[in-house]
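Below: the structure, in structure tokens.
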Amino acid sequence: MIKIAVLGYGTVGSGVVKVLNTNANIIAKRAGQEVEVKYVLDLRDFPGDPVERKVVHDFNVILDDPEISIVVETMGGTKPAYEYVKKSLLSGKSVCTSNKELVAAYGAELVHIAKSKSANFLFEASVGGGIPVIRPLNQSLTADKIEQINGILNGTTNYILTKMANDGSDFEDVLKEAQELGYAEKDPTADVEGYDACRKIAILTSLAYGQQVDYQDIYTEGITKITAEDFKYARSMGASIKIFGSSKKVGGRLYAMVAPQMIKSDNPLFAVNDVFNAICVTGNMLGDVMFYGKGAGKEATASAVVSDVVDAVKHMNINVMTIWEDEKLPVAPMDEMKNRFFVRIGAAEKEKAMKAFDEIEAVDAGIDGEFGFVTGVMTEGEFNDTMAEFETFITRIRVGF
Ligand code: HSE
């Protein structure tokens, strides 16, 4: 029997206990032995809850107990999660976490500590919730050079954009509704500003190239400025608007961003709606491979955490190699990234736009007083310089077709 501790009894932590209880027999079979939760660490008590007698408030009880060989960290944030995870690994315990802030900030260091202690630091649930994508990147896509990763990595924003697309509503109205339904947090900043997706694409990119990609280096733009009018234009092109975390290597340079993009139905990510996530990885031999599923939610996320627990039990005292070196992989300046852009300007500057951009495709969404168009491929720097000459600029959205 393996005894584990769960740090944080919130949505994911209680989900982990639920998954372990609900599927105890099949998990024991797959892990090769039973898995028992011995401690739950939380600031709160949970009277009447099945874990009531397992709750402890002092992390040292867990750290000092040699019976605990696996620690599940589902607290979120980096304080005190980083300290607890690092101490657990240094004492030879494996750690399974759903915490993307922790993994994006300290992944390389924690992977190294785990290796030095013949333990494991596993973080399947940190990206894409229940979707298996970390293990496939580490263990399945090992024959390919990864050329590109493109993912819908945030359920909250995908839900909001799907609603805006379907109902013709404005961002603020849909956000309010999503908050009322519990799909968006009271403070939705991390989701709607793209910060959550930024950490996730940083983790995926670090693993794809085996080096540290700092999330702070990734250009990040959220969805707060997307309007019902933007969707009218998208619809008139047979397109939709999604927010992607993307990275690609071109000529040895790494480009990465989080930003809304217009895509058409020939893109496999077009049909990924509501709170679902999907990640499309392109390998130089394999071509495209796509991972799709629930990117958030108690049971789905907990399922991924428990899959890590099973992996850790199967590899007790054996490090499952994860290549994530400290050496920084620089992200190329955003100005050098090439994209196409959908642009809205005042109708008065239509002729000027026709002259300023080489390849221009007009888009008519029946909105008076405006001129909408799509540019050819150009660098972000060239685009910004050109647009600086316009006085009636309304908005621009990158185009993924
Ligand atoms: N807030 C995140 C989302 C939860 O909406 O996708 C999963 O990381």
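Counting Lys and Arg as +1 and Asp and Glu as -1, what is the net charge of the other residues whose Cβ lies under 10 Å from the Cβ of Ile131? With Lys, Arg at +1 and Asp, Glu at -1, the net is 0. Separation of region 343-378 from region 113-148 is 44 Å, based on Cα centroids. Across region 260-401, the mean sequence separation of Cα contacts (distance under 8 Å, 6 or more residues apart), normalised by length, yields a relative contact order of 27 percent. As a rough guide to protection, the peptides 321-327, 211-217, 301-307, 272-278 ranked by mean Cβ packing within 10 Å, highest first, stand as 301-307, 272-278, 211-217, 321-327. Charge tally around Asp58: other residues with Cβ under 12 Å, Lys/Arg +1 each, Asp/Glu -1 each, net -3. Most tightly packed first, judged by the mean number of other beta-carbon atoms within 10 Å of their residues, the peptides 16-26, 337-347 read 337-347, 16-26.
Taken one residue at a time, the phi angles of region 384-401 give Karplus couplings (6.51, -1.76, 1.60, θ = phi - 60°) of 5, 4, 5, 5, 4, 7, 9, 9, 10, 4, 9, 6, 9, 10, 5, 10, x, 9 Hz. Gly and Pro are set to x.
Entry note, the chain: relative contact order of 18 percent, from Cα contacts under 8 Å with a spacing of 6+ residues. Taking amide H as placed 1.01 Å from N in the peptide plane, the amide H of Phe393 sits under 5 Å from that of Gly346, each at least 5 places away or on another chain.
With a threshold of 26 Å on the Cα-Cα distance, the over-threshold entries among Lys54/Lys176; Lys54/Lys79; Lys264/Lys328; Lys186/Lys225; Lys200/Lys248 are Lys54/Lys176; Lys264/Lys328. For Leu329, the residues whose amide H sits under 5 Å from its own are Gln212, Val213, Asp214, ignoring neighbours fewer than 5 places away on the same chain, with H placed 1.01 Å from N. Couplings for region 227-240, taken from phi via the Karplus curve 6.51 cos²θ - 1.76 cosθ + 1.60 with θ = phi - 60°, read 10, 4, 5, 4, 5, 4, 4, 4, 4, 5, 9, x, 10, 10 Hz in order; Gly and Pro are left as x. Sorting the segments 282-293, 131-142 by their mean number of nearby beta carbons within 10 angstrom, highest to lowest, gives 131-142, 282-293.
When you restrict to C-alpha pairs under 8 Å that are six or more residues apart and normalise by the size of region 1-108, the relative contact order lands at 30 percent. Counting only DSSP beta bridges whose two residues both lie in the chain, roughly 65 percent are antiparallel. Averaging Cα coordinates gives a centre for region 86-105 and one for region 193-231; these two points are 22 Å apart. Amide H contacts of Glu147: Thr282, Gly283, Asn284, each under 5 Å away and 5 or more positions distant or on a separate chain (H built 1.01 Å from N in the peptide plane; Pro and chain starts excluded).
Bear in mind these aren't lab numbers, they're just calculated from the coordinates by the rules spelled out. These numbers were taken from a predicted model, which means no experiment stands behind them. Using ideal geometry, Cβ is built from the backbone for each residue, glycine included, and neighbour counts are taken over all protein chains shown.
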